[in-house]
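> Below is a structure I'd like to ask you about.
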């Protein structure tokens, strides 16, 4: 199994809603990532978990809250988002090491109204 | 800070022609360089990973070279097909920034039948 599975594929939410994005992998990877991608732009790193501990937080606003409940799952909790947060949210995983290959999920297309 | 540049931003070629995509980076102290393909609204698919000690990697019609001293990588796609139409991104991770893959803005490729 070389897949990273993300749910939901599409999400529309209001600025007062609370929602969660989910990501799952069964490749035994111990590093998991959240990226944000705007149209026609490269992915921007948000968070990195290594061995289920948050190791990188790229100064992301607190309305985005990551969680890594176990080595296979990664969540991104969303609360009080702004319309400018509308984007494609990508999850990725990799082994932990010097030559890690990134595997991406297909993403969640988020629209904030 | 590592900066990654991809030129050209867009490229259109007739079917059968070879594709040459360029990626340049400013800091040569890298662990590896990875090439990805992205279809519109989808996640990224890893194509090739070149470790810092390697000069090139090949997979089928794809060949990627790496010249660390000049800060360049080139992705060659032989005998292009309409199905090769996509955006191609390169990403590097430097030795002092584990987990922080730095992406180029990508080259959008259109292969016309």
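> Mind checking which residues of the range A:78-102 are within 13 Å of chain B (Cβ to nearest Cβ), part of a strand (DSSP E or B) and surrounded by fewer than 22 Cβ atoms within 10 Å (Cβ to Cβ)?
Within the range A:78-102, A:87, A:88 qualify.
> Considering only the range A:61-77, state which residues are assigned to a strand (DSSP E or B), in contact with a strand residue (DSSP E or B) (Cβ under 6 Å, 6 or more places away or on another chain) and more than 16 Å from residue A:28 (Cβ to Cβ).
A:65, A:66, A:67, A:75, A:76, A:77
> Now, a different point. Say whether the condition of being within 23 Å of residue B:101 (Cβ to Cβ), in contact with a strand residue (DSSP E or B) (Cβ under 8 Å, 6 or more places away or on another chain) and not in a loop (DSSP other than H, G, I, E, B) is met by at least one residue in the range A:8-16.
There is no residue in the range A:8-16 that is within 23 Å of residue B:101 (Cβ to Cβ), in contact with a strand residue (DSSP E or B) (Cβ under 8 Å, 6 or more places away or on another chain) and not in a loop (DSSP other than H, G, I, E, B).
> With respect to the numbered conditions (1) at positive phi; (2) within 14 Å of another protein chain (Cβ to nearest Cβ); (3) surrounded by 17 or more Cβ atoms within 10 Å (Cβ to Cβ), which one is the sole condition not fulfilled by residue B:41?
Single failed check for residue B:41: (3).
So that you can scan it fast, the table gives a plain yes or no per residue for (1) under 30 Å from residue A:23 (Cα atoms); (2) modelled with pLDDT under 95:
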site: B:8; (1), (2): no, yes
site: B:14; (1), (2): no, no
site: B:29; (1), (2): no, yes
site: B:37; (1), (2): yes, no
site: B:41; (1), (2): yes, yes
site: B:47; (1), (2): yes, no
site: B:62; (1), (2): yes, no
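> Sticking with this one: Taking the range A:57-73, which residues are within 14 Å of another protein chain (Cβ to nearest Cβ) and within 24 Å of residue B:41 (Cα to Cα)?
Once the filter is applied, which keeps residues that are within 14 Å of another protein chain (Cβ to nearest Cβ) and within 24 Å of residue B:41 (Cα to Cα), the range A:57-73 yields A:58, A:60, A:66.
> Next up: Restricting to the range B:69-92, what's the tally of residues that are over 13 Å from residue B:22 (Cα atoms), without any contact (Cβ under 8 Å) to a residue 60 or more places away in the chain and surrounded by fewer than 19 Cβ atoms within 10 Å (Cβ to Cβ)?
3
> Could you count how many residues in the range B:96-107 are at the interface with another protein chain (Cβ under 8 Å from one of its Cβ atoms) and over 18 Å from residue A:103 (Cβ atoms)?
3
> Something else about it: So which of B:80, B:73 is in contact with a strand residue (DSSP E or B) (Cβ under 6 Å, 6 or more places away or on another chain), part of a loop (DSSP other than H, G, I, E, B), closer than 27 Å to residue A:107 by Cβ and away from chain A (no Cβ under 12 Å)?
Only one candidate passes the filter, namely B:80.
> Next question. For residues that are more than 9 Å from chain B (Cβ to nearest Cβ), free of Cβ contacts under 8 Å to residues at least 24 places away in the same chain and in a loop (DSSP other than H, G, I, E, B), tally how many sit in the range A:40-56.
1
> Counting just the residues of the range B:83-95 that are more than 13 Å from the chain's Cα centre (by Cα) and either within 13 Å of chain A (Cβ to nearest Cβ) or not in a loop (DSSP other than H, G, I, E, B) (or both), which one comes out nearest to residue B:7 (Cα to Cα)?
Result: B:84.
> Quick check on this structure: which one of B:112, B:95, B:107 is surrounded by fewer than 20 Cβ atoms within 10 Å (Cβ to Cβ), on the phi < 0 side of the Ramachandran plot and at pLDDT 95 or above?
Residue meeting the stated conditions: B:112.
The values are calculated or read from the model by the stated rules, or taken from the named source; none is laboratory data. A quick note: this is a predicted structure, and the numbers were derived from the prediction, not measured. Note: ideal-geometry Cβ built from the backbone for every residue, glycine included; neighbour counts use all protein chains shown.
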